[in-house]
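Take a look at the structure below.
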Amino acid sequence: MKNEHASNTSGDASARAGEFFFSQPQTAAARTEESILRLFADDAPPSSSRPLPRTRHKLWELPINLHCPLIGTCLVDADLRKLSKRCGIAANGMSEYELHALFVNHCETRGTISQQLQKTLDERYAASIQRFAKAKTGPAVLALWQQALAEGRIQGSLWAAWTHPEADESVQVTVYGDLHMLSHHLGAQDRSERKRLVDLDAENAALRRESNDLKNRLETAHREKRRLESTLAERDDRIAHYESLEKSLAEAKDVERRNLALRERNDTLSERAATLEKRNTELRNRVGELEKALAQASIPRLFAADSLPEAGSADDETSPEGLVADSPLTHGCLAGLRILCIGGRPGLIDHYRRLVEESGGEFVHHDGGIEEHGGRIDDLMTGIDAVICQIRNVSHAAYYRVKAACKDRQLPCLFLESGGVTTFVRSLSKVARRDFSDSLLIRSLTAKDEDCRFAA
């Protein structure tokens, strides 16, 4: 009974389709549909003798005339070109139609290309296949197809409907007819949309021209506005400038009055400064003469036995606290030693030199960075046997340079707190006797001592 019912259903569907197709004029579409009917009715065995499949139809099992609309609807050109690479097809020079026709021809039989198409369509439209799997009869499949058609879900639903196990010739013809008429509707709609697009392009061009005209007019208005604003700003700037000039003129007159008073006061102060400078020069010359006279009077006594004054005496007002009497100098006691003197009182340098040379030594001098560059200290250290540095008459930089240079060269260095002749003589006596152990005269300068001296 089931086979008879299926045969009757299939026969009625084929008869209705045949009656419809043959009642229409023999157009190209009618001839195409007639060929599909012959494919379903003549080439296929009677439905009464063919059991319905229990598994989904494969691509190569579908009627040949379904392959073209199926491939064209479910796969776009990019999909086919991707598949062609996977199947080893050189599709670079093919047009879209040529590539489409190649894949349609390969759908007729089972092969590598048709199997790849089957796999691709199953994977892509798995959700639609699962949704159509709920249908257990042909009418149920058509109901799902009609719903999908109304909602615009064409691609996946077409593949799921045509490959459904219950999709017999009647279902496939109905789906094909819907798809065929949809293409007519889409073509008509496309023509209408193209005409509407042409109209919209014309309207858009007119609006664009109007918009450009408005933009030009607006830009002209903006330029005129900016010109007016610039003119107003220039006028305001000129007004502010004139007001500033008036204020500056009043201030200039006031400054001129004050400058006149200051010039008069400056002339008075300049006269007083000239008088004081002249007096200061006279006093400096007098101090220099007195220092030279004092040195000339002291040097003969310095070379006499037991003639050195005691520490803190009037002959050496700057000698360090705790200085004790040492042996006097004798002629030739330095025995050719080269003595580098750093700093010292400018008026006593010649006397220092005379003391060293009369004691048989060689005198080398650097002013301690007062006028000479401190870098010369390193050059002068060459061939020096001892260094005497008068720390109250040298710069900080020269002091640290002397200390570092003596440490590097292992040279004895006597740091004197007094620049007097008596202190210098005692230092020379120390050098002559190679005595550098008296910490009261020559201190070991730690960082704390240095800070104390220069702080003083």
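The values are calculated or read from the model by the stated rules, or taken from the named source; none is laboratory data. Computed from a predicted model, the values in this text were never measured in an experiment. Methodologically, a virtual Cβ is constructed for each residue, glycine included, from the backbone with ideal geometry; neighbour enumeration extends over all protein chains shown. What goes into the accessible areas is simple: the full protein's heavy atoms, side chains included, and nothing from ligands, DNA or RNA. Shrake-Rupley method; radii C 1.70, N 1.55, O 1.52, S 1.80 Å.
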Exercise. Under a cut-off of 29 Å between alpha-carbon atoms, report the lysines in cross-link reach of Lys215, not counting same-chain residues fewer than 8 places apart.
Key: Lys225
Practice problem: Leaving ligands, DNA and RNA out of it, work out the accessible area of Glu61 with a 1.4 Å probe and give it in Å² to the nearest 10. | Solution: 110 Å²
Quiz item: Viscosity 0.890 mPa s, temperature 25 °C: Stokes-Einstein D of region 215-259 from its Kirkwood Cα radius, in µm² per second?
Solution: 187 µm²/s
Quiz item: Arranged from highest to lowest average of other beta-carbon atoms within 10 Å per residue, in what order do the peptides 363-372, 335-344 appear?
Solution: 335-344, 363-372
Quiz item: Cα convex hull of region 137-231: how many Å³ per residue?
Solution: 112 Å³
Self-check item: Rg ratio (alpha-carbon, reference 2.2 N^0.38 Å) - region 141-185
Solution: 1.02
Exercise. Whenever you get a sec, compute what percent of the accessible area on region 52-136 sits on carbon and sulfur atoms (1.4 Å probe).
Key: 51 percent
Exercise. Find the accessible area per residue for region 98-236; the probe is 1.4 Å, ligands and nucleic acids are left out, and the unit is Å².
Key: 62 Å²
Practice problem: Give the shape of region 117-157 as rounded, prolate or oblate, defined through the alpha-carbon gyration tensor: a ≥ b ≥ c are the square roots of its eigenvalues, a/c under 1.5 means rounded, and otherwise the shape is prolate if a/b is larger than b/c and oblate if not. | Solution: oblate
Exercise. Take the alpha-carbon positions of region 57-191, form their convex hull, and give its projected area averaged over all directions (one quarter of the hull surface) in nm².
Key: 8.2 nm²
Practice problem: Would you work out the relative contact order for region 127-184, in percent, from Cα pairs under 8 angstrom that are 6 or more residues apart? | Solution: 38 percent
Quiz item: Applying the Karplus parametrisation 6.51 cos²θ - 1.76 cosθ + 1.60 with θ = phi - 60° to the phi angles of region 82-94, what ³J(HN,Hα) value in whole Hz is obtained for each residue in order, glycine and proline being reported as x?
Solution: 5, 5, 5, 5, 5, 8, x, 9, 7, 9, 4, x, 8
Self-check item: Over region 375-426, volume per residue of the alpha carbon convex hull, in Å³
Solution: 80 Å³
Quiz prompt | Kirkwood-based Rg to Rh ratio, region 178-265, C-alpha trace | solution = 1.77
Self-check item: Entries in Lys82/Lys195; Lys58/Lys136; Lys82/Lys136 that, when Cα-Cα distance is taken, lie over 26 Å
Solution: Lys82/Lys195; Lys82/Lys136
Quiz item: Give or take rounding to whole Å, what are the principal axis extents of the alpha carbon atoms in region 337-438, in descending order?
Solution: 30, 29, 23
Quiz prompt | Spin-label model distance (nm) - Gln115 vs Arg223, 7 Å beyond Cα toward Cβ | solution = 7.4 nm
Quiz item: What order, most packed first, do the peptides 87-96, 412-421 have when packing is the mean number of other Cβ atoms within 10 Å of each residue?
Solution: 412-421, 87-96
